[in-house]
1. Quick check on segment A:119-151: of everything there that is among the small types (Gly, Ala, Ser) and surrounded by fewer than 22 Cβ atoms within 10 Å (Cβ to Cβ), which residue is modelled with the highest pLDDT?
2. Filter segment A:121-132 down to the residues that are of a type outside the set (Val, Ile, Thr) and over 29 Å from residue A:104 (Cβ atoms), then identify the one that is farthest from the other protein chains (Cβ to nearest Cβ).
3. Would you check if residue A:288 is more than 21 Å from residue A:244 (Cα to Cα) and assigned to a helix (DSSP H, G or I)?
4. So, of the residues in segment B:31-45 that are over 18 Å from residue A:133 (Cα atoms) and free of Cβ contacts under 8 Å to residues at least 24 places away in the same chain, which turns out to be nearest to the other protein chains (Cβ to nearest Cβ)?
5. Looking at (1) closer than 30 Å to residue B:4 by Cβ; (2) within 11 Å of another protein chain (Cβ to nearest Cβ); (3) small (Gly, Ala, Ser), can you tell me which one residue B:102 breaks?
6. Just checking, how many residues over segment A:313-334 are buried (at least 24 other Cβ atoms within 10 Å of the Cβ) and of a type in the set (S, T, N, Q)?
7. From (1) more than 9 Å from chain A (Cβ to nearest Cβ); (2) surrounded by 14 or more Cβ atoms within 10 Å (Cβ to Cβ); (3) touching a residue at least 24 places away in the same chain (Cβ under 8 Å); (4) farther than 21 Å from residue A:211 by Cα, pick out the condition that doesn't hold for residue B:25.
8. Return the residue satisfying two criteria in turn: it lies in segment A:447-488 and is outside any helix (DSSP H, G or I) and surrounded by fewer than 15 Cβ atoms within 10 Å (Cβ to Cβ), and of such residues it is nearest to the chain's Cα centre (by Cα).
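The values are calculated or read from the model by the stated rules, or taken from the named source; none is laboratory data. Small disclaimer: the values here were computed from a predicted structure and weren't measured. Glycine gets a Cβ as well: all are built from the backbone with ideal geometry, and neighbour counts include every protein chain shown.
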Amino acid sequence: MENLLMLPLVLPVLAAIVSLFAKNSLNFRKASGVFFTLAQLVVAVVILVKVYRDGILVLHVGSWPAPFGITLVADMFSAIMLFFAGLIGFTVSVYALGLMDERRLKFHFYLLFNILLLGVNGAFITGDVFNLYVWFEVMLIASFVLITLGGERKQLEGAVKYVTINMVSSMLFLAAAGLLYGKMGTLNMADLAMKLQNDPSSNLVASSAMLFFIAFGIKAAVFPFFFWLPASYHTPPVAVTALFAGLLTKVGVYAMIRFFTLFFIPLGGIWKELFLITGGLTMLIGVFTAASQYDIRRILSFHIISQIGYMIMGLGFFTPLGIAGAIYYMGHNIVAKTNTFMVGGMVSKLKGTFELKSIGGLYKTKPYLALLFIIPAFALAGVPPLSGFFGKFILVKAGFDSHHFFVTGISLFVGLITLFSMIKIWNEGFWKKQPEEADEVVNYAEKKVGFALVFPSVVLALFSIGMGVAVGFFFDFCMTAAQQLLEPSAYINAVLGK
Amino acid sequence: MEIILAIVIGVLYAAGVYLLLRRSIVKLILGLIFFSHATNLLVFLAGSLSKVSPPFVQEGQKVAQSTVADPLPQALVLTSLVIGFGITAFALVLIYRFYQSSGTVDFDQLKED
C-alpha cells in the first residue's frame, strides 16, 4: 500500500512520455494532459484519506532503509498540499484547453505542465534534503521553459529576471544543504531532526538555517526577496501564470514550514521573531504596491506576495492554531488566487487587454463573469462565509492567543486594503462604462468565453465556498497536520522505523 | 589544502556576485556560472578533505579495513553539476534569444512598455 506514494511521481512522467509519442495529434495530447492531471487529483485524494485514517505513509525507495536511501514521506501536511497540487493541476489543465494557442500546444505545453507538477509533487512528498533540491530543480526547469514558451519579447525579459534569481536561490539552497551535511553527516530529514535534538552544539547549523531561509524566501517571494515575482509573472499566458501563482510560491512556503518546524525553530534563536517581522512587512508592502497598479495581472501578482505574508506570520506564531491557520490559508489562497487569475484571463479574452483603464461594462454584458470574479475576490479579501474569512479568523485568533497583537493588527489592516484592490478591479472592470477610446482594442477581442474557461473557474469558486461553509471539516485536516508538525517524534519514528 | 580551497571559493563567490550586479547580460550569465562553481566546491569541501583510501571494500571483506573517504558529497556535487550544466545551457539560449528580440545586451537600455 505504501507504493501508492510512487503514483504522484509516476503519473506525470507517464503523461510526459505519452504526449511525446503523440507526434501529430494535438487532440490526443490535450486529452492525455487532462486525463493524467485528473488521475493525479484522484490519487491525491486517496492518499489524503489514507494518511488521515492510518497515519504517516512512508516508502523507502528501492527498499534501502532510511537514512541511507531516498525516503518518500506523506504526513498530513504533505497530503494536503498534494491534494491542492492535484486540484490546481486538473483545473488549470482544463482551463488551458480553452486558452492556449496552437503554437504553444505544439511545443509540448502539456508535457512541460506535467513535468512541473512532477517537481511540485516530488517536493511535497520527499523526506530527504538533497532530494528536495532535485525536485526544486525539476520544477524550476519546467517553469523556465513554460515562462518563455512562445518567445515574445516581454516574456523573454521577464524570464531573464525569473531565471537569474531562481538560479541564485537554488545555489543558496545547495550551499545550505552541503554545509548541513558537513556538520551533521546526514541529509535524511527525520534523521537530521533526531540528531539535531540530541546535539549540544547544534546552534552551529544556524548558518545553514539562514541560507535555507533566504533560498526558500526567494522562492516564496517574502519581503525583501520578492521583486522578481511582479517583474515576471504577468508576462506568460494567463494559464501559466495561474498555475505559477497557485503552486510555485507555495512550494517555497511548504519547504519553509517543513524545515523550520522540523529542524530549526525547536533549537531556539530568533526565527519566530524573524518570521513575524518578515511576514508583517511582506503583507504590508505587497498590498500597498498592489494598490498602485492598473493592470489586472500586476495587481494580482502583488497580492500573491501580500498573501504569502499571512502564511509566514502563522509560522511565526508557532502554536498549533497558528500553523493550522497557515496551512488552511495556503489551501484557501491556492484556490482563490488561481481562480482570480482565471477570471482575469477571461476578461482579457473578452476585452483584448488586461489594462483596467480600457475595460468596462462587463457587469452589464457578462453578469455571470462578474459573479465568477466576486467569489474568489471576496474570498481573498476575507468576506464571510467564503474561505478567506475563516483563514484570517483562525490566524487572528492564533495571534491574539499568543499575544502578538501588533502583527495581528497589521494583518487585519492588510485585509482592508486587499478589499480596496478587489473593489478597484470590480469598479474599473465590471461597473464603469466601457471607455470609448478603447474601441480599437475591442476589435481584437472575442465575443464569448468557452466552456473550458468557465468550468474550472466554477469548480474553484465552489471549492472556495465549500471551504468556507464546511470550515470544520477542512480545519480538522489542517489541525491534524499542525499537530504532526509540532510533534516531530511521530514523523521521525515513522521514517526511521522505531 | 582546505584553507586554499576555502579562499578559492570565497574569490569565486565574490567574482560571481560582482558579475551578477553588472548591467551586461553576458556578464550576468558568467556570474551565475561562477556562483554555481563556488557552490559545488563548497559542497565538496563541506564533506571534508582527508588523505584516506577510496570508499571500496576489499574482496572477501564485509567492511572496509581502513578509514575511507565519504563518497556522498562527491555524488551530490556530481548531481548538482549535471543540473547546473542543463540550466546554464538553457540560460545561454535564453540570453541569445533575448538579444535577438531586444537588440541589446545592456539592461539599462530596456524600457518599460
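1. A:122
2. By that ranking, first place goes to A:127.
3. So residue A:288 passes the test.
4. B:31
5. Single failed check for residue B:102: (1).
6. Number of matching residues: 1.
7. Every listed condition holds for residue B:25 apart from (1).
8. A:470
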